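Presented below is the structure to which this report refers.
The values are calculated or read from the model by the stated rules, or taken from the named source; none is laboratory data. If you're wondering where the values come from, they're calculated on a predicted model, not measured in any experiment. As a convention, Cβ positions derive from the backbone with ideal geometry for all residues, glycine included, and neighbour counts pool all protein chains shown. Heavy atoms of the whole protein, side chains included, go into the accessibility calculation; ligands, DNA and RNA do not. Shrake-Rupley method; radii C 1.70, N 1.55, O 1.52, S 1.80 Å.
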2 protein chains.
Amino acid sequence: MNKLSNNPPKGTRDWEPEEFFVRKYIFDTWRKVCTQFGYEEYLTPIVERAEIYKAKSGEDVGGKELMFFEDKAGRELAIRPEMTPSVTRMVSGIYGKTAKPIRLFSIANFFRNEKPQRGRNREFWQLNYDLFGDESINADIEILQIALEIMLAFNPPKKSFTLYLNNRILIDGILEEIASVSDESRVEVVRILDKWEKYEFEAIENRLEALGLEKRQIENLQKFIQSDSAGELESNFPEIVENEGFKQIKETMQKLDELGYSDWVVFKPNVIRGFDYYDGMVFEVFDNNPENKRAMFGGGRYNGLAELFGSQSFPAVGSAPGDETLRIFLEDWNLIPELDKKTCFIPLLEAEFYLKVQELASSLRQKGDNVVIGLEPQSLGKALDFANKQGYSKVLILGENEIAKGIYTEKDMKTGEQREIQF
Amino acid sequence: MNKLSNNPPKGTRDWEPEEFFVRKYIFDTWRKVCTQFGYEEYLTPIVERAEIYKAKSGEDVGGKELMFFEDKAGRELAIRPEMTPSVTRMVSGIYGKTAKPIRLFSIANFFRNEKPQRGRNREFWQLNYDLFGDESINADIEILQIALEIMLAFNPPKKSFTLYLNNRILIDGILEEIASVSDESRVEVVRILDKWEKYEFEAIENRLEALGLEKRQIENLQKFIQSDSAGELESNFPEIVENEGFKQIKETMQKLDELGYSDWVVFKPNVIRGFDYYDGMVFEVFDNNPENKRAMFGGGRYNGLAELFGSQSFPAVGSAPGDETLRIFLEDWNLIPELDKKTCFIPLLEAEFYLKVQELASSLRQKGDNVVIGLEPQSLGKALDFANKQGYSKVLILGENEIAKGIYTEKDMKTGEQREIQF
């Protein structure tokens, strides 16, 4: 017989218990922060009709990275590559009958058929939290605040991360009023802005010239990208004060400052977010580790997406932290807590003690303890060795003497201390 | 623009927050019981190489119910239709270096391209808990005990469910020694035993005759199926006392009795479990609701499956409760607890109270409360209406008077009672 490989498929991984512990720490923290902000958990199916990704997306998720297949009736389905189209679909079905705003979150897995690299697996997990039915700046701020509180819940050191804020309405204004980019070139120019820092300026310049932009337009774009603060942008382009996106940025920055987040938040004019559906505030949270600078996650406002489903359009703003970049952040900044199993082990020292062992285990489980029992008779030495290898915290010894005295002996596996307890 | 449907794909469903609450109650209960028995959580990818399902499976999951697709390099993948091959694959990679026995559980989603029906969706969730590296009866009993404790954790009424126990070694013995079924017919006869109660006896008889069985063989099979207890089976077929499977059943039944589970456990000779990989103890947990009698979930021993991966074979026994049949059980027996959101709402009664509202929200969240804040100014009447529709438990009123006095007014939305609290 040919043996099969015991590796998981490329771009995916098994989470054995030690790894699961780290992921669960991340998921539990996400769930705790979202729940404390009154967000309610939901879940959608792992598959969607493929059409919903083809309609309005970006970053290639509507195309070659999608995993398509057909169900029994020949309907084209895809494993979800992101949550936003799914949650928009779901909310469009309940929007009319639900009090607004609607606050939702989910923790779910996704799949993209792309080249795996550090921080990017084919299968990945994301928190998605979204607020529907409110267009105010305060709604934007709540989404930003939750992003910040999620990061702060992991007790990161000062300057370890930065939230970069921008606004698509500002980008639109720059392209239209200041760089005078034509409608046809706009999508392509936005993509170039998005990748501005990844290339030499000369390469950027060539690509913009190829799109028909003149020297002055390109200079304006460069001056825009290099504006390090709202103040600098305003002094470079005084007319920007009339732009709605710029006004939103200023108010948002001020309120986040008043809420005490100023150490963590910076305006950054070339934060775009890849997805085409963003149409207002956008942001990215960066890992500032000098050896591993990278965007960890982001979010923004996507009021227009709901048009795809049903007749109603509605305001939407949200964010989606992913497990893998956050895991790297926690590891690099040494923020992963120590695994403590808090499990007791009661060995089966003689076969005939089985019911006694079960009785003790049952009474401790009723008190909330985690208890493993020995299934086959073994010596105390072997039992201690097993408990040690498994990382159990205590061994409860139930031998002939203990049973005669109506007690058990509790041995702490860390300190080695023993004490007798009535049973 | 053509509007897209806002329904999820056929055979799947959205879990909006009220439904998610029920599923989470099920998942949390699973996790709690498994953790208290010292099982450790893991997770494998949503996709696997298709070959692992084609090797040794059953119940069609290796065939037409699988969703296949290809990754970038043309590898054939499938969405997992069950966990057992995945966890066996994963454990085969760590078995040699881990202290035995290994206790594992996971809560994960699966997909089968089959006809949806009540209790059976295309996408479904399962708990899988398994014990690797121990062949003893006590290991079988632990798996059965967890199945029983999971059911009992939902506080079911007496006689609402039954765990039916059987053993594949007994089935093999019956077919070989008592019904003398030839090797070629055996797989088919096992399938017929599995479905025995779903058809008229005449139909069963015809199918068995077509396989070449004689009247006496068929009578013996019928007598076997109709044996209601180990005692009756023994008096029908005295030679069965030598069968290893029968011995295991007797010992297991006796120990479960001593552990106090006798009300819930019955021996049933035609419990087979569809999967071909079971090779020892098998069981099924039945919902006894007279209007909805059905197998909810099952499990058993599958020592042989590990041979597929790597050189080592190892003992394995486990079970996989599913979300959908359990949800129906809870609903039909009225066991779903009332949803209590325990969320406070602090309305924004004037735009300029925003920072005060945030300050109160923040201090309450630090104490562990769930707090929703108002994003746009609204009247107290509208705020109470919103909180009522959302099912929030309390409204915390922060008006001009309250702010002047350094307090807030807490209104309980159930009782209507109000009290002033220092802030």
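Of all residue pairs spaced 6 or more apart or on separate chains, those with beta-carbon atoms under 9 Å, a first member in the stretch B:335-360 that is polar (S, T, N, Q) and a second member that is in a loop (DSSP other than H, G, I, E, B) and open to solvent by 50 Å² or more (accessible area, probe 1.4 Å) are B:THR343/B:ASP369.
Okay, residues lined up against (1) at the interface with another protein chain (Cβ under 10 Å from one of its Cβ atoms); (2) in contact with an Asp or Glu (Cβ under 9 Å, 6 or more places away or on another chain):
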| residue | (1), (2) |
| --- | --- |
| A:LEU104 | yes, yes |
| A:ALA108 | yes, no |
| A:ARG112 | no, yes |
| A:GLY119 | no, yes |
| A:TYR129 | no, no |
| A:ILE137 | yes, yes |
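Taking the stretch B:125-149 as the range and being farther than 24 Å from B:GLU324 by Cβ and not in a helix (DSSP H, G or I) as the test, the residues that pass are B:LEU131, B:PHE132, B:GLY133, B:ASP134, B:GLU135, B:SER136. In the set (1) open to solvent by 50 Å² or more (accessible area, probe 1.4 Å); (2) of a type in the set (S, T, N, Q); (3) assigned to a loop (DSSP other than H, G, I, E, B), the condition left unmet by B:SER227 is number (1). Could we say that B:GLU123 is away from chain A (no Cβ under 13 Å) and acidic (Asp, Glu) here? Criteria not met by B:GLU123. The residue that is least open to solvent (accessible area, probe 1.4 Å), among those in the stretch A:230-281 that are within 14 Å of another protein chain (Cβ to nearest Cβ) and among the charged types (D, E, K, R), is A:LYS255. Taking the stretch A:403-423 as the range and being surrounded by 12 or more Cβ atoms within 10 Å (Cβ to Cβ) and over 46 Å from the mean Cα position of the chain (by Cα) as the test, the residues that pass are A:ILE403, A:LYS405, A:ILE407, A:GLU420, A:PHE423. Restricting attention to the stretch B:1-41, which residues are modelled with pLDDT of 95 or more and hydrophobic (A, V, I, L, M, F, W, C)? Hits for the stretch B:1-41 are B:TRP15, B:PHE20, B:PHE21, B:VAL22, B:ILE26, B:PHE27, B:TRP30, B:VAL33, B:CYS34, B:PHE37. Close Cβ contacts (under 7 Å, 6 or more residues apart or on different chains) running from residues in the stretch B:375-403 that are within 23 Å of A:ILE143 (Cβ to Cβ) to residues that are modelled with pLDDT under 95 comprise B:GLY391/B:LYS341; B:TYR392/B:LYS341.
Restricting the stretch B:127-144 to residues that are surrounded by 20 or more Cβ atoms within 10 Å (Cβ to Cβ) and among the polar types (S, T, N, Q), which is nearest to B:THR88 (Cα to Cα)? Filtering first and then ranking leaves B:ASN128. The conditions of being over 30 Å from A:SER5 (Cβ atoms) and either more than 10 Å from chain A (Cβ to nearest Cβ) or buried (at least 19 other Cβ atoms within 10 Å of the Cβ) (or both) are not met by B:LYS342. Residues considered: B:GLU338, B:GLU352, B:GLU420. Of these, the only one that is acidic (Asp, Glu) and either within 22 Å of A:SER136 (Cα to Cα) or in a helix (DSSP H, G or I) (or both) is B:GLU352. Take the conditions (1) open to solvent by 30 Å² or more (accessible area, probe 1.4 Å); (2) touching a residue at least 12 places away in the same chain (Cβ under 8 Å); (3) farther than 20 Å from A:GLY260 by Cα; B:VAL317 misses just one of them, which is (1). Pairs meeting the criteria (first residue in the stretch B:105-134 and on the phi > 0 side of the Ramachandran plot, second residue among the hydrophobic types (A, V, I, L, M, F, W, C) and in a strand (DSSP E or B), beta carbons under 7 Å, at least 6 apart or on different chains) are B:GLY133/B:ILE102. Restricting the first member to the stretch B:290-313 and to residues that are within 13 Å of B:TYR277 (Cβ to Cβ) and within 14 Å of another protein chain (Cβ to nearest Cβ), and the second to residues that are assigned to a strand (DSSP E or B) and of a type in the set (A, V, I, L, M, F, W, C), the beta-carbon pairs closer than 6 Å and six or more apart or on different chains are B:ARG301/B:MET281; B:ARG301/B:VAL317; B:LEU308/A:LEU4; B:PHE309/A:LEU4. Applying the criterion of being modelled with pLDDT under 95 and buried (at least 20 other Cβ atoms within 10 Å of the Cβ) to the residues of the stretch B:299-314, the residue that is nearest to B:LYS414 (Cα to Cα) is B:TYR302. Checking each residue in the stretch B:1-13 for being open to solvent by less than 50 Å² (accessible area, probe 1.4 Å) and in a loop (DSSP other than H, G, I, E, B) picks out B:SER5, B:ASN6, B:PRO8, B:PRO9, B:GLY11, B:THR12.
Would a scan of the stretch B:349-358 turn up a residue that is over 30 Å from B:ALA147 (Cβ atoms), open to solvent by 30 Å² or more (accessible area, probe 1.4 Å) and facing another protein chain (nearest Cβ under 8 Å)? Yes, that holds for at least one residue. Checking each residue in the stretch A:62-102 for being facing another protein chain (nearest Cβ under 8 Å), under 17 Å from B:LEU4 (Cα atoms) and β-branched (Val, Ile, Thr) picks out only A:ILE94.
Going by what's in this entry, would B:LYS382 be described as assigned to a helix (DSSP H, G or I), on the phi < 0 side of the Ramachandran plot and within 11 Å of chain A (Cβ to nearest Cβ)? Yes. Screening the stretch A:112-124 for residues that are open to solvent by 30 Å² or more (accessible area, probe 1.4 Å) and assigned to a strand (DSSP E or B) and picking the one that is nearest to A:THR29 (Cα to Cα) gives A:ARG120. Note on the stretch A:14-55: residues that are facing chain B (nearest Cβ under 7 Å), touching a residue at least 12 places away in the same chain (Cβ under 8 Å) and open to solvent by 60 Å² or more (accessible area, probe 1.4 Å) total 1. Within the stretch A:211-224, being in a helix (DSSP H, G or I) and among the charged types (D, E, K, R) holds for A:LYS215, A:ARG216, A:GLU219, A:LYS223. Among the numbered criteria (1) in a helix (DSSP H, G or I); (2) crowded, with 16+ Cβ neighbours inside 10 Å; (3) out of contact with any strand residue (DSSP E or B) (no Cβ under 7 Å at 6 or more places or on another chain), which one does A:LYS389 miss? Condition (2) is where A:LYS389 drops out. If you go through the stretch A:374-423 and pick out every residue that is among the β-branched types (Val, Ile, Thr) and under 20 Å from B:GLU40 (Cα atoms), you end up with 1.
Any idea which residue in the stretch A:29-50 is farthest from B:ASN6 (Cα to Cα), counting only those that are in contact with a Phe, Trp or Tyr (Cβ under 6 Å, 6 or more places away or on another chain) and not aliphatic (A, V, I, L, M)? Filtering the stretch A:29-50 for residues that are in contact with a Phe, Trp or Tyr (Cβ under 6 Å, 6 or more places away or on another chain) and not aliphatic (A, V, I, L, M), the one farthest from B:ASN6 (Cα to Cα) comes out as A:CYS34. Only residues that are small (Gly, Ala, Ser) and surrounded by fewer than 16 Cβ atoms within 10 Å (Cβ to Cβ) were counted across the stretch A:359-373, and they come to 2. None of B:GLU331, B:GLU324, B:GLU376, B:GLU400 is open to solvent by 60 Å² or more (accessible area, probe 1.4 Å) and under 42 Å from the mean Cα position of the chain (by Cα) except B:GLU331.
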